[in-house]
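The values are calculated or read from the model by the stated rules, or taken from the named source; none is laboratory data. As the structure is a prediction and not an experimental result, all values here were calculated from the model. All Cβ positions, even for glycine, are placed from backbone atoms using ideal geometry, and neighbour counts span all protein chains on display.
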Amino acid sequence: MARKWIVPFLIVVLFLGAVSNGLLYIRLTNIVRDDEILIARLRADLVSANERITSLMETTDNLTGNVSGLSGSVGNLQTGVQSLTGNVSAISGLVGTLQQDLKIFSSDLAADFTNAAEKVKPAVVVINVRTVTAVLPGRTVTQTSSGSGWIINGDGLIVTNNHVIADATSIEITLADGRTFPSLAVQTDATSDLAVVKINARNLPSLKTGDSDKLQVGQPVAAVGNAVGRGLNMTGGWVSRVNNSIVFSDGRSFSGLIGTDAAINPGNSGGPLINTSGEVVGITNAKLVRAGVEGIGYAISINNALKIINNLIARF
């Protein structure tokens, strides 16, 4: 009996083994197929990566070429900068020459005082002085004289020479607009030949002062004043000397004077000596009068005068 079941049992076992092997084969086939797909994808990725590496290498080669080109451009730029530096140096030389030419040209134009005259004349005044002198007991002589001055402060302060108003019995100031004022007070300094006259007026045009230390021989200047008692006029000339000293016949001596060939006439004393900007650089105070001498006048430099003028103003 037992042998009767052995054959069927073996057949079943073999059948089940065949089925199991078939299933295993199918499973292995699927795995192999999946692996082949994965391998194909990996190969595609490798190809793509290789293409990218190739492209990157090409880009690197191009970049290397560009860097070489840039180095060449930098070299060219350096050469250009050197050339430009040379051109700048050449231009600097031309500018220096041009500045020198302009200086000469400016000196030629500087003699035109048109604008300066318009600025200055409204602030220049005529000073008429009356002096009464006793010649005998009970007898006096009245003398009149005139000079010039300029308004330094719009509240009625006028600068002039001391010798213009010395010993005056009365002082009358005539402005450029024709108005006339008597002096209210006077402060003087005989040693420096400077004086300040105060009148009762406000909001008057005044003059600016320049820097007389910057004056050089050959610079144009002009004297504005009441020359020979004929009203305000202007005469022009040049700075002929700076820091000059003179001794007058009466023993008075002055130093730090500006010498000029601008015509200085009686009545100019106390008036301003101006530059082409209309600034006061000096105060006209003397003319050398001697046989055979022409065109030598003097003015007190404004830098020397201002300290004394300010001290005189402080006394009012």
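Points to keep in mind about this one:
- None of Gly229, Gly218 is closer than 30 Å to Asp177 by Cβ and either of a type in the set (A, V, I, L, M, F, W, C) or in contact (Cβ under 8 Å) with a residue 60 or more places away in the chain (or both) except Gly229.
- Cβ pairs under 8 Å, 6+ apart, first in the stretch 167-187 and charged (D, E, K, R), second at pLDDT 95 or above and in a loop (DSSP other than H, G, I, E, B): Arg179/Ala201
- In the stretch 110-132, residue farthest from the chain's Cα centre (by Cα) [restricted to those that are surrounded by 11 or more Cβ atoms within 10 Å (Cβ to Cβ) and either modelled with pLDDT under 70 or hydroxyl-bearing (Ser, Thr, Tyr) (or both)]: Thr131
- Entirely in the stretch 235-316, the strands (runs of 3 or more DSSP E) that have 1 or more residues that are modelled with pLDDT under 90: 253-260, 280-287, 297-301
- Any hit, the stretch 238-253, residues being among the charged types (D, E, K, R) and free of Cβ contacts under 8 Å to residues at least 40 places away in the same chain: yes
- Boolean, Gly218 is more than 24 Å from Val129 (Cβ to Cβ), within 33 Å of the chain's Cα centre (by Cα) and outside any strand (DSSP E or B): yes
- Flag for Val197 being over 25 Å from Ser277 (Cα atoms) and in a strand (DSSP E or B): yes
- Residue in the stretch 246-268 that is surrounded by the most Cβ atoms within 10 Å (Cβ to Cβ), counting only those that are over 35 Å from the mean Cα position of the chain (by Cα) and among the hydroxyl-bearing types (Ser, Thr, Tyr): Ser253
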